[in-house]
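Structure first, then comments.
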Amino acid sequence: MGRVANSPLDRSFAQECDAADPLAGFYDRFVRDDPSLIYLDGNSLGMLPRATAERIGEVVRDGWGRGLIRSWGHWMARPRQVGDLLGHHLLGAAPGQVLVCDSTTVNLYKLARAALGARPGRGVIVTDDDNFPTDRYVLAGVARERGGELRMIHTDIDHGVSAGAVGDAVAEDTALLCLSHVAYRSGALADMAQITRIAHDRGALVLWDLCHSAGSVPVDLDGCGADLAVGCTYKYLNAGPGAPAFLYVRADLQEQLHQPVQGWFGQRDQFAMGPAYDPVPGIGKFMTGTPDIIGIAAVSEGASLLAEAGIGALRDKGMRLTGYLIELADAWLVPLGFRLASPRDAARRGSHICLYHPHAVRLNEALTEAGVVGDLRAPDRLRLGPAPITSRFTDVWDAADIIRRVAGGSAPRRDEVLADGQP
Ligand SMILES: Cc1ncc(COP(=O)(O)O)c(C=O)c1O
């Protein structure tokens with residue numbers, strides 16, 4: 001029997017999906033110097049929005065160049081204003097609970113240390129052994145500083161942390177549970193509401209790492225009763241390399257928590273240069289030093305683009321893009337030795353997936369050569385993240401097609417790849 005027209009395996013199917021995609025208009029709002037490049041690593045470093053390049057130029061030229069130090073008059077409020085923007089559109093957080101500041105690593109330290117201080121008599125921090133390295137390292141350091149213990153949940157690296165495993169690990173001795181909402185490797189999505197409830201039942205606080213979920217899946221921090229969260233802005237928020245991170249502290253916890261990095265930007269009457277640290281009330285005390293104003297401008301532009309697209313539409317497209325990639329992988333790549341190393345159920349994953357292959361290192365090099373940029377999670381997984389605001393269904397089809405050709409030993413050369421990405 002001949003092939004059915006417009007089967008998902010035909011490129012025309014992907015073209016039809018693109019034609020019907022309500023987010024298709026965002027494609028050209030990003031800088032695309034090389035139209036043949038297939039970029040599936042927006043979950044590591046998001047693309048540059050055209051508006052951001054302009055906005056940064058303005059901040060540098062007008063705010064810094066012309067306004068000089070006078071610009072601090074309006075710059076001072078930016079960490080909080082852009083935090084509220086993120087909170088409202090992407091994190092499910094009411095105003096006054098989110099700040100854009102520091103790096104994710106530094107914010108993790110600040111909030112984990114503060115959480116332990118707020119649970120005297122409890123010395124245990126719980127995380128999982130496949131949590132992102134910086135989380136595990138920071139938490140181990142905090143546990144050591146406090147004379148406590150870091151308890152690891154053993155995790156299936158393809159399926160992520162289950163609520164049951166959390167229930168077994170968090171006990172009356174636990175001050176803090178810290179997990180990634182979307183696992184950095186497999187993309188497995190944790191059940192924030194259920195896991196938060198389990199930890200609260202045992203009297204522990206919960207700190208969520210939202211690096212791979214902010215901007216890719218709807219997050220409802222207030223609705224889930226979450227205590228604390230951190231996340232970066234250079235992945236799905238497209239704010240650029242090293243752009244400042246964000247932190248969330250639930251309103252009613254802010255007075256109880258002591259911020260361990262007692263910087264002057266958290267100080268009451270900051271420019272009185274007083275003799276002793278006396279923090280402002282509210283979220284402001286979680287500031288440390290001088291905020292990165294240029295970086296915050298990029299966060300603001302990135303978040304505004306996502307807000308315009310709508311997190312519901314982004315989530316819907318993210319599930320469809322990864323679902324399509326899995327469908328093509330099942331048909332073309334599994335026979336070549338690949339295996340899906342992420343949850344198959346779209347509701348259980350974020351916007352990236354992993355494909356296991358014993359020669360993933362070599363394949364990743366060859367794919368980069370052929371113009372498909374994903375990344376490698378050593379030693380044996382290709383990680384592919386079609387970011388919903390920048391990726392097309394045809395990108396997914398082209399990437400899967402190139403992967404099968406590379407793995408099958410007939411890799412296209414870059415000069416064989418046409419401008420629309422199709423080899
Ligand atoms: C889940 C997760 N947490 C934390 C980080 C690192 O944060 P940073 O290096 O920005 O402090 C990353 C970076 O990729 C990450 O994926």
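The values are calculated or read from the model by the stated rules, or taken from the named source; none is laboratory data. Since this is a predicted model, take the numbers as computed values, not measurements. Here Cβ is always computed from backbone atoms with ideal geometry, including for glycine, and neighbour counts include all displayed protein chains. Accessible surface areas use protein heavy atoms only, side chains included; no ligands, DNA or RNA. Shrake-Rupley method; radii C 1.70, N 1.55, O 1.52, S 1.80 Å.
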Subset of the range 131-159, residues part of a helix (DSSP H, G or I), open to solvent by less than 40 Å² (accessible area, probe 1.4 Å) and more than 16 Å from the ligand (Cβ to nearest atom), comes to 143
If we keep only residues of the range 83-113 that are away from the ligand (no atom under 16 Å from the Cβ) and among the small types (Gly, Ala, Ser), then the residue most open to solvent (accessible area, probe 1.4 Å) is 94
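Going by the conditions given, is residue 214 within 15 Å of residue 182 (Cβ to Cβ), in a strand (DSSP E or B), touching a Phe, Trp or Tyr at 6+ places or on another chain (Cβ under 8 Å) and at pLDDT 95 or above? Spell out how you get there, then give the answer.
On the way: within 15 Å of residue 182 (Cβ to Cβ): yes; in a strand (DSSP E or B): no; touching a Phe, Trp or Tyr at 6+ places or on another chain (Cβ under 8 Å): yes; at pLDDT 95 or above: yes.
No: the conditions fail for residue 214.
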Inside the range 160-172, the number of residues satisfying the requirement of being assigned to a loop (DSSP other than H, G, I, E, B) and open to solvent by less than 30 Å² (accessible area, probe 1.4 Å) is 2
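Anything in the range 114-130 that is outside any helix (DSSP H, G or I), closer than 22 Å to residue 248 by Cβ and away from the ligand (no atom under 16 Å from the Cβ)? List them, or say none.
Step one: filter the range 114-130 for residues outside any helix (DSSP H, G or I), giving 118-130.
Those left that are additionally closer than 22 Å to residue 248 by Cβ: 118-119, 122, 125-128.
Across the range 114-130, the qualifying residues are 118, 119, 122, 126.
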When the range 29-52 is checked residue by residue, the ones that are within 19 Å of residue 371 (Cβ to Cβ), open to solvent by 20 Å² or more (accessible area, probe 1.4 Å) and not small (Gly, Ala, Ser) are 31, 32, 33, 34, 35, 37, 39, 45, 47, 48
Would you confirm, using the coordinates I've provided, whether residue 320 is modelled with pLDDT of 95 or more, within 17 Å of residue 9 (Cα to Cα) and among the basic types (Lys, Arg)? yes
Checked 206, 219 against criteria (assigned to a strand (DSSP E or B), surrounded by 24 or more Cβ atoms within 10 Å (Cβ to Cβ) and within 16 Å of the ligand (Cβ to nearest atom)); the one match is 206
Just a yes or no: is a residue in the range 347-359 under 19 Å from residue 188 (Cβ atoms), open to solvent by 10 Å² or more (accessible area, probe 1.4 Å) and without any contact (Cβ under 8 Å) to a residue 24 or more places away in the chain? no
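So which of 211, 232, 224 ends up being open to solvent by 10 Å² or more (accessible area, probe 1.4 Å), within 11 Å of the ligand (Cβ to nearest atom) and touching a residue at least 24 places away in the same chain (Cβ under 8 Å)? Can you show your working first?
Numbers: 232 fails: open to solvent by 10 Å² or more (accessible area, probe 1.4 Å); 224 fails: within 11 Å of the ligand (Cβ to nearest atom).
Being open to solvent by 10 Å² or more (accessible area, probe 1.4 Å), within 11 Å of the ligand (Cβ to nearest atom) and touching a residue at least 24 places away in the same chain (Cβ under 8 Å) holds for just one of 211, 232, 224, which is 211.
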Scanning the range 303-332 residue by residue, those closer than 14 Å to residue 91 by Cβ and crowded, with 17+ Cβ neighbours inside 10 Å turn out to be 303, 306, 311, 314, 315
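When you look at residue 178, is it within 27 Å of residue 41 (Cα to Cα) and outside any strand (DSSP E or B), yes or no? Step through it out loud before you land on a result.
Working: within 27 Å of residue 41 (Cα to Cα): yes; outside any strand (DSSP E or B): no.
So residue 178 fails the test.
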